[in-house]
Every structure is written in structure tokens, then in C-alpha cells.
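Asker: A single structure is presented below for examination.
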Amino acid sequence: MSPTGGPAVDATGFRRLMARWATGVSVVTAHGPQGDAGLTVNALLSVSLRPPSVLVSLSNDADTLPVIEQSGHFGVSFLAAAQQPVSERFAATLGAEEKFRGVARHPGPNGSPLLDGGLGALECRVVDRTPAFDHVLVLGEVVHLEAGADGLPLVFFRSGYSAAEGTDRLRLPPRQP
Ligand SMILES: Cc1cc2nc3c(=O)[nH]c(=O)nc-3n(C[C@H](O)[C@H](O)[C@H](O)COP(=O)(O)O)c2cc1C
């Protein structure tokens, strides 16, 4: 049985299937009294355009989570293909100071560190926080946006890093009059 009483789905099978779901990679950050904090995140969803908002799913164990909650704001930096070492650094079990050592960044208008050299970055105001099993879903309204280089993204696929070379444009069926 699952924690909610439904039939149990094997966690290994679930993880294997989700590994086929390709995502981009971001670093979610916040600034607190102790300084900057951040972690690598691929559980990120663009929620609405009016207002622009995003949702991130953060582990209850993430040291960055309380910093975001205290700050009331968080930054999202979208990583470029060349930033795999940045992703590795922010996913490692390191102190916050160690994670940011030598990483070029600048503060957003509300103090969240935004990493340089990526595809772009957002700063969000926390508008909701929903517990979700061993994670917390943090909904943020985008209050600041910076477009970086329009290059190739870092992609996470099959539990590893991958390249996205695709340049084909989205084709939709013509609209009916
Ligand atoms: C590609 C990738 C994506 C990740 N996505 C998430 C995520 O969406 N949410 C999360 O809580 N952790 C995610 N992690 C794990 C965290 O980055 C990792 O646990 C980190 O060390 C937590 O840092 P902190 O405790 O300093 O906040 C991801 C790791 C990798 C490598």
C-alpha cells in the first residue's frame, strides 16, 4: 500500500520511467542571514503567464528550503549546456559557502543570487507553499526576469546529462476559422 492507501507502485520502476522524461536544469537560490544558498533543481514548472509564475518541488531535507522560506523570494538560473560543473556543484552535499565559491553571480532586486553565464534567470516572490509527501511545492510569482545567452540548454535525461541539438520549430495544425 502507498502512504495514501492506493496500490503500491514500485519506486525503482517509477524512477526508471521518470528518467526518460527529459528536463532542463536550473539552480534555485535564496539569500538569508547566513548568506547565499542554492541547489540544482529539475522539478520546475512554468505555471501561468498572467501573472508569470513558476512552481518548484524541493525536498524537505534541502538546506536551501528554509532559506527560501525565510527570505520570501527565490532565484531560478537556467543552466546552459556548458554549465554541467555548476549543476554538479549545486547538487553536491556541500556547505552553501563552498557551493558558491568562485561562481560568478549577482543579486536580483530582492537579493536572491542569480548565476552568470546561463540562458537567463528569474527572481520570484513566494506566494504559496504546499507540503507534498517528502517535498514542498513552492509557488513563486516572477518579479524579475533576465534573458541570458540564447544558447543550448543543459539537459537531464536517463539520470545523466545530455545535449539538446534540436532546432525544429513547433508545428501546430492550422486554426479553424
Ligand atoms: C539534475 C538534478 C536535478 C535535481 N532536482 C532536484 C529537485 O527538483 N528538487 C530537489 O529538492 N532536489 C533536486 N536535486 C537534488 C539537490 O540538488 C541536492 O540534494 C542538493 O544537494 C540539495 O542542496 P541543499 O541541501 O544545500 O539545499 C537534483 C539534483 C540533480 C543532479
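Asker: I'd like the FRET efficiency for ASP150 and LEU45, computed as 1/(1 + (r/R0)^6) with the beta carbon distance as r and R0 of 22 Å, rounded to 0.05.
Answerer: Given R0 = 22 Å and the Cβ-Cβ separation, E is 0.50.
Asker: Quote the FRET efficiency, to the nearest 0.05, computed for GLU88 versus THR4 with a Förster distance R0 of 25 Å and r equal to the Cβ-Cβ distance.
Answerer: Taking R0 as 25 Å, the efficiency between GLU88 and THR4 is 0.15.
Asker: Assign unit charges at the C-beta atoms only (+1 for Lys and Arg, -1 for Asp and Glu), then state the dipole size of the chain relative to its Cα centre in Debye, rounded to the nearest 20.
Answerer: For this selection, approximately 600 debye.
Asker: Based on Cα positions only, what radius of gyration and what Dmax would you give for the chain, in angstroms?
Answerer: 17.3, 58
Asker: On full extension of the chain, what length is gained from SER162 through ASP128, given 0.36 nm per residue of separation minus the C-alpha to C-alpha distance?
Answerer: 9.0 nm
Asker: Quick check for you: with a 1.4 Å probe and neighbouring chains kept, what is the accessible area per residue of the chain, in Å²?
Answerer: Computed with neighbouring chains in place, this is 64 Å² per residue.
Asker: Determine the share of region 3-59's accessible area contributed by carbon and sulfur atoms, expressed in whole percent, with a 1.4 angstrom probe.
Answerer: Answer for region 3-59: carbon and sulfur cover 62 percent of the accessible area.
Asker: Through the Karplus equation 6.51 cos²θ - 1.76 cosθ + 1.60, θ set to phi - 60°, convert the phi angles of region 35-50 into ³J(HN,Hα) values in whole Hz; use x for Gly and Pro.
Answerer: Karplus-based 3J(HN,Hα) across region 35-50 equals x, 7, 9, x, 8, 6, 9, 10, 8, 9, 9, 7, 9, 9, 8, 10 Hz.
Asker: Tell me the net charge near GLY72. Cut-off is 14 Å between Cβ atoms, GLY72 excluded, with +1 for each Lys or Arg and -1 for each Asp or Glu.
Answerer: -2
Asker: While we're on this one: Can you list residues whose amide H is under 5 Å from LEU114's amide H, if they're 5+ apart or on another chain and H is modeled 1.01 Å from N?
Answerer: HIS106, GLY108
Asker: ARG105 accessible area, nearest 10 Å², 1.4 Å probe?
Answerer: Answer for ARG105: close to 90 Å² accessible.
The values are calculated or read from the model by the stated rules, or taken from the named source; none is laboratory data. Bear in mind the structure is a predicted one, so any value in this text is a computation, not a measurement. A quick note on method: Cβ atoms are made from the backbone with ideal geometry, for glycine too, and the neighbour counts reach across all protein chains shown. Please note that ligands, DNA and RNA were not included when accessible areas were found on the heavy atoms of the full protein model with its side chains. Shrake-Rupley method; radii C 1.70, N 1.55, O 1.52, S 1.80 Å.
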